[in-house]
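Encoded as structure tokens, the structure appears first; notes follow it.
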Amino acid sequence: MEEDSVLAATTVARLEERIIELEKDLARSLATPEDIEEDEDFKHEPAEFSDMFEALRKSGAVKGIVMPSPTVFTGEELNKDPYALHRWYKETSCWVKARVAKDVPQAAMALQTLGGTARLAMENMETVAPGKLQSLDAIFSALLNIFQRCDPGPKAYDEFLRTRMRTDETAVDFLNRLLSLSVVIGSSKDPTVSRISDAELAARFRAGLPVWMIQRMREKHQLLVTLHQTPDISPWGLAGTAMDIEQNCSNEQTGQIAKRPQRTGRFSAMKDSKSFKEKAVKTQRASKRFKDLEDRDQELVMALQVDLKGYELKAKLPGDLLQRCRQLSVCDSCHRYGHSGSGCKARAVFSSKN
């Protein structure tokens, strides 16, 4: 018992000393010139800011610029998002490298963005092997070894190759999702996964856009070529063009609604009818074929088809199931994906192979 108490006390003392050392390193890196002049501890080791942070700190004209800290990573996030650890690394890397230039202060700042099991694991590792976590990359490698030994790179690469812009996304949201996948792919050690270049990112972004947006983008680029100008076909240039198209499309729809005349009489009665409400909830299907859907949408469709198993062909469905069928482009008559019940010619309901 006494040996255990002595060992525990020694471990706590070593951990406290290490924390104090990391805090001093962080203080040296974030110290201002005034602090360096006043404090004797800083005179022999001046702070080394990153170029971005130094520029922001010295500019008196820049006011109110704040770099929010990354979302805290605990390890539980991986239950819902298999790329959560890589997202944390991307956000934290940008955050710490924009502030300090040295590896040790970057590691000290990165430890502040950990919580729960992840924080305890890193503190225990630093206690057992002092000096092992001297950089952000070392912390990221240790977290990968603890929480995610199965490389998510192949899955991210497959998703990157077939993903398309979702109905609830903007062009910028879609590009950010592709960039997040490229970070996971870039950090993968699987030999079957190839790195993503800017040209491949641009090609995947353009191919994943809706057809009508691709057509308008092609028209804009052709117009620039006709005017002897070179269109920007980088990922960022394509995203900017897509944003302009979205904005113009939104303005056109707003103008059409404003110019639409006020209708009365029979139209008002039809507006309140059930048929009008059913037409209003119809949505465009995400993909032409079921296998082209993303994993999340496939799971939603299969879950709906399981709920529809008890209903026969052309049976009347409850309101909630009918609405789900229209939202997911599932036939309310035969329960197959890709068409509506009004034009269904199937002679039997859908049955799963499993």
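Per-residue answers, yes or no, for (1) open to solvent by 30 Å² or more (accessible area, probe 1.4 Å); (2) over 14 Å from His86 (Cβ atoms); (3) touching a Lys or Arg at 6+ places or on another chain (Cβ under 8 Å):
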site	(1), (2), (3)
Gly115	no, yes, no
Ala121	no, yes, no
Asn124	yes, yes, no
Pro130	yes, yes, yes
Leu133	no, yes, no
Asp137	yes, no, no
Ser141	yes, no, no
Phe147	yes, no, no
Cys150	yes, no, no
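Table: residues versus (1) modelled with pLDDT under 80; (2) surrounded by 13 or more Cβ atoms within 10 Å (Cβ to Cβ).
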site	(1), (2)
Asn248	no, no
Ala269	yes, no
Thr283	yes, no
Ala286	yes, yes
Gln323	no, yes
Phe350	yes, yes
Asn354	yes, no
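For segment 224-233, does any single residue satisfy the condition of being without any contact (Cβ under 8 Å) to a residue 60 or more places away in the chain, of a type in the set (A, V, I, L, M, F, W, C) and open to solvent by 80 Å² or more (accessible area, probe 1.4 Å)?
So far as segment 224-233 goes, yes, one or more of its residues are without any contact (Cβ under 8 Å) to a residue 60 or more places away in the chain, of a type in the set (A, V, I, L, M, F, W, C) and open to solvent by 80 Å² or more (accessible area, probe 1.4 Å).
So, Glu159, is that one open to solvent by 30 Å² or more (accessible area, probe 1.4 Å), assigned to a helix (DSSP H, G or I), of a type outside the set (Gly, Ala, Ser) and touching a residue at least 60 places away in the same chain (Cβ under 8 Å) or not?
Considered against the rule, which asks whether it is open to solvent by 30 Å² or more (accessible area, probe 1.4 Å), assigned to a helix (DSSP H, G or I), of a type outside the set (Gly, Ala, Ser) and touching a residue at least 60 places away in the same chain (Cβ under 8 Å), Glu159 comes out as yes.
Quick check on my filter: what residues within segment 72-88 are open to solvent by less than 40 Å² (accessible area, probe 1.4 Å) and of a type in the set (A, V, I, L, M, F, W, C)?
Phe73, Leu78, Ala84, Leu85, Trp88
Listed here are the residues, each with its yes/no results for (1) without any contact (Cβ under 8 Å) to a residue 40 or more places away in the chain; (2) within 21 Å of the chain's Cα centre (by Cα); (3) part of a helix (DSSP H, G or I).
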site: Thr92; (1), (2), (3): no, yes, yes
site: Trp95; (1), (2), (3): yes, yes, yes
site: Ala107; (1), (2), (3): no, no, yes
site: Arg119; (1), (2), (3): no, no, yes
site: Asn124; (1), (2), (3): yes, no, yes
site: Thr127; (1), (2), (3): no, no, yes
site: Ala138; (1), (2), (3): yes, no, yes
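State whether one or more residues within segment 297-310 are in contact (Cβ under 8 Å) with a residue 24 or more places away in the chain, within 25 Å of Asp158 (Cα to Cα) and open to solvent by 60 Å² or more (accessible area, probe 1.4 Å).
Yes, segment 297-310 contains at least one residue that is in contact (Cβ under 8 Å) with a residue 24 or more places away in the chain, within 25 Å of Asp158 (Cα to Cα) and open to solvent by 60 Å² or more (accessible area, probe 1.4 Å).
The values are calculated or read from the model by the stated rules, or taken from the named source; none is laboratory data. All figures in this text were calculated on a predicted structure; none of them were measured in a lab. Ideal geometry is used to build each Cβ from the backbone, glycine not excepted, and the neighbour counts take in all protein chains shown. The accessibility values were calculated without ligands, DNA or RNA, using every heavy atom of the protein model including side chains. Shrake-Rupley method; radii C 1.70, N 1.55, O 1.52, S 1.80 Å.
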